[in-house]
């Protein structure tokens with residue numbers, strides 16, 4: 001991918017990110033044996049729920065999900081690697097698979113992206129390597145009785161992220177998406193790892209960063225405001241900055257709007273399909289979400305728009321159709337407007 005290709009695309013139009021991977025996997029009635037397949041049939045602990053493992057044991061399912069999102073008009077699909085660090089895989093005693101999971105997931109997504117590049121040469125397709133926050137936090141103690149305790153160190157996070165990033169780049173990811181950031185210190189470790197691996201490989205893979213506003217306070221879980229989040233990550237040259245997850249489109253808009261006014265980077269947003277119901281499910285229809293997303297486009301606050309938890313190819317299809325009707329945000333023109 002030419003270095004400036006995605007920059008050029010973003011200047012011409014609003015790009016559409018895919019929707020939820022987990023939501024789509026849940027539509028397949030997978031059992032323990034499906035997660036294990038033949039290769040892991042004797043693994044010593046349960047594997048059901050390890051969705052990232054499906055890139056190795058059920059690759060055709062993952063490919064079909066990528067295809068569904070590209071068919072719906074997505075410009076960018078995320079790899080099935082949200083939890084694919086040695087830290088995340090420790091829950092399944094699969095730490096040693098971290099590099100392979102990232103390499104194979106990126107390779108799968110890249111193969112599908114190339115199929116669609118050939119089909120629609122006027123609409124380039126991209127693969128974003130999904131880098132989640134891990135299930136540990138470097139800034140806060142998980143033990144209320146011991147506030148100085150940390151379940152993970154910065155150096156441990158860097159080591160895990162370097163392995164993930166190397167696998168994603170080797171597998172062909174066009175972008176690196178550090179997403180669902182609830183602790184900016186974790187994100188700093190991921191970004192430090194990215195810089196080291198890019199230098200090692202003489203790579204220039206663009207970086208997207210996306211935080212999570214956890215509630216109506218307008219702060220991340222570790223207590224940062226929108227302003228603090230942006231400033232604390234401003235030392236790293238990135239393609240885009242934005243927010244995803246935790247909130248629905250209507251609740252997330254004020255924070256994306258604030259970020260858009262402060263930043264001269266491209267802005268991304270991929271909210272949930274509303275808030276979860278009592279059963280943890282998302283009820284917002286594609287039509288309802290589309291109507292809410294239109295406010296983002298009317299107010300000219302995003303360059304990349306997509307969906308997070310609860311969103312499906314139908315959500316993305318309606319969002320993609322809508323995005324075609326609007327011009328992209330100009331980061332320089334809107335800064336401090």
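The residues on offer are 187, 160, and the sole one that is in contact (Cβ under 8 Å) with a residue 40 or more places away in the chain, surrounded by 20 or more Cβ atoms within 10 Å (Cβ to Cβ) and touching a strand residue (DSSP E or B) at 6+ places or on another chain (Cβ under 9 Å) is 187. Looking only at the stretch 42-53, residues that are at negative phi and either surrounded by 11 or more Cβ atoms within 10 Å (Cβ to Cβ) or touching a strand residue (DSSP E or B) at 6+ places or on another chain (Cβ under 6 Å) (or both) come to 8 in all.
Here is a yes/no grid of residues against (1) in contact (Cβ under 8 Å) with a residue 24 or more places away in the chain; (2) at negative phi; (3) within 15 Å of the chain's Cα centre (by Cα):
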| site | (1), (2), (3) |
| --- | --- |
| 219 | no, yes, no |
| 238 | yes, yes, yes |
| 253 | yes, yes, no |
| 277 | no, yes, no |
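Here is a check on your reading of the model: is residue 3 outside any helix (DSSP H, G or I), modelled with pLDDT under 95 and exposed (fewer than 13 other Cβ atoms within 10 Å of the Cβ)? When the stated conditions are applied, residue 3 passes them.
Show me the helices (runs of 4 or more DSSP H) entirely contained within the stretch 236-337 in which 3 or more residues are within 21 Å of residue 176 (Cβ to Cβ) and in contact with a strand residue (DSSP E or B) (Cβ under 6 Å, 6 or more places away or on another chain).
none
Only one of (1) out of contact with any strand residue (DSSP E or B) (no Cβ under 6 Å at 6 or more places or on another chain); (2) outside any loop (DSSP other than H, G, I, E, B); (3) closer than 23 Å to residue 210 by Cα fails for residue 130. Which number is that? If we test residue 130 against (1) out of contact with any strand residue (DSSP E or B) (no Cβ under 6 Å at 6 or more places or on another chain); (2) outside any loop (DSSP other than H, G, I, E, B); (3) closer than 23 Å to residue 210 by Cα, just (1) comes out false. Take the conditions more than 25 Å from residue 192 (Cβ to Cβ) and touching a helix residue (DSSP H, G or I) at 6+ places or on another chain (Cβ under 8 Å) and apply them to residue 111. Does it pass? It is true that residue 111 is more than 25 Å from residue 192 (Cβ to Cβ) and touching a helix residue (DSSP H, G or I) at 6+ places or on another chain (Cβ under 8 Å). Within the stretch 83-101, residues that are over 16 Å from residue 54 (Cβ atoms) have Cβ atoms under 6 Å from residues that are at pLDDT 95 or above and not in a helix (DSSP H, G or I) in these pairs: 85/134; 87/134; 93/45, counting only partners at least 6 apart in sequence or on another chain.
Only residues that are crowded, with 22+ Cβ neighbours inside 10 Å and modelled with pLDDT under 95 were counted in the stretch 190-219, giving 0. The listed residues are 253, 259, 322, and the only one of them that is surrounded by 17 or more Cβ atoms within 10 Å (Cβ to Cβ), modelled with pLDDT of 95 or more and farther than 23 Å from residue 220 by Cβ turns out to be 322. I want to confirm something. Restricting to the stretch 119-143 and keeping residues that are more than 21 Å from residue 179 (Cα to Cα) and in contact (Cβ under 8 Å) with a residue 12 or more places away in the chain, which single residue is surrounded by the most Cβ atoms within 10 Å (Cβ to Cβ)? Once the filter is applied, the top-ranked residue is 124. Filter the stretch 149-183 down to the residues that are in a helix (DSSP H, G or I) and under 15 Å from the mean Cα position of the chain (by Cα), then identify the one that is nearest to residue 223 (Cα to Cα). Ranking the qualifying residues of the stretch 149-183, first place goes to 161.
Is it the case that residue 56 is at pLDDT 95 or above and either more than 17 Å from the chain's Cα centre (by Cα) or surrounded by 24 or more Cβ atoms within 10 Å (Cβ to Cβ) (or both)?
Answer is yes for this residue.
The values are calculated or read from the model by the stated rules, or taken from the named source; none is laboratory data. Given the structure is predicted, the values throughout are model-derived calculations rather than measurements. With ideal geometry, Cβ positions are generated from the backbone for all residues, glycine too; neighbour counts draw on all protein chains shown.
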